[in-house]
Amino acid sequence: MSTRARQNELDLTRRRGFAAGVRRWTIPAIGAATPIGLIVVNIAAFIVNHLAQFRLGISILAFVSSLMLNSWTAMKIYRVAKLRFPNSASLHDRNQEVVLVVGLALIIGISFVEALFCYNGLSNEANLPNSGTFILGVVAIAIPILLQALFARILHDTNADRLDERVDGYPLPPPAPGDTWRP
C-alpha cells in the first residue's frame with residue numbers, strides 16, 4: 001500500500017472517529033445543559049444575595065483584569081508604533097524608560113477608574129441585572145478578541161517581508177536535521 005493511500009485511510013478513520021465522538025457526546029452534552037444552568041443560577045443567586053461581600057473582590061479582580069488587558073494592549077501598540085514609526089524620537093531606546101513610566105501610569109489610572117466603576121455598579125443588588133452592565137460585559141469580552149485580530153493583522157502585514165525572523169526580531173535558529181519546513 002502506498003504512503004498516500006495509507007495517509008488517506010488514516011484521515012478517513014480520523015474523520016469517522018470525530019463524527020462518532022460527536023454523536024457519542026451529543027446527548028450527554030444536551031442532558032448536562034439543564035444541571036449546568038441550575039448550578040449557574042444558584043451561584044448567581046448566592047452572589048447577588050451576598051453582593052456586599054463579593055463587591056470588593058470582584059472590583060479587585062476587575063482591576064487586575066484591566067491591568068493585564070491594558071498592559072497587553074499597550075505593549076502591542078508600542079510594538080506597532082516602533083515598527084511603523086522607527087525614526088520617532090519618543091520611540092528610541094534611550095526614551096524607553098520614560099515611555100514605560102508614562103504608559104504604566106496611564107494603565108494604572110485607567111484600571112483604577114474601571115475598577116471604581118465596577119465597584120459603584122455593584123452597589124445595589126436591586127439594580128442587577130441591568131442593560132449597562134450586560135453591554136459593558138459583552139464589550140469587555142469582545143475587546144481582547146477584536147484587538148488580537150487587529151494586532152495580528154497589523155503585525156502580520158508589517159512583518160510579511162521578514163519571515164526569516166522571529167517575533168522578537170532575532171533570526172530563526174537553523175532548521176533541525178531533516179526538517180524541511182521554513183517560513
Quick check on LEU67: is it touching a residue at least 40 places away in the same chain (Cβ under 8 Å) and assigned to a helix (DSSP H, G or I)? yes
Confirm whether VAL48 is assigned to a helix (DSSP H, G or I), in contact (Cβ under 8 Å) with a residue 60 or more places away in the chain and either under 28 Å from SER123 (Cα atoms) or touching a Phe, Trp or Tyr at 6+ places or on another chain (Cβ under 7 Å) (or both). yes
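Read the figures in this text as sums done on the coordinates, not as results from a lab. These numbers come from a predicted model, not from an experiment. All Cβ positions, glycine included, derive from the backbone under ideal geometry; neighbour counts span all protein chains shown.
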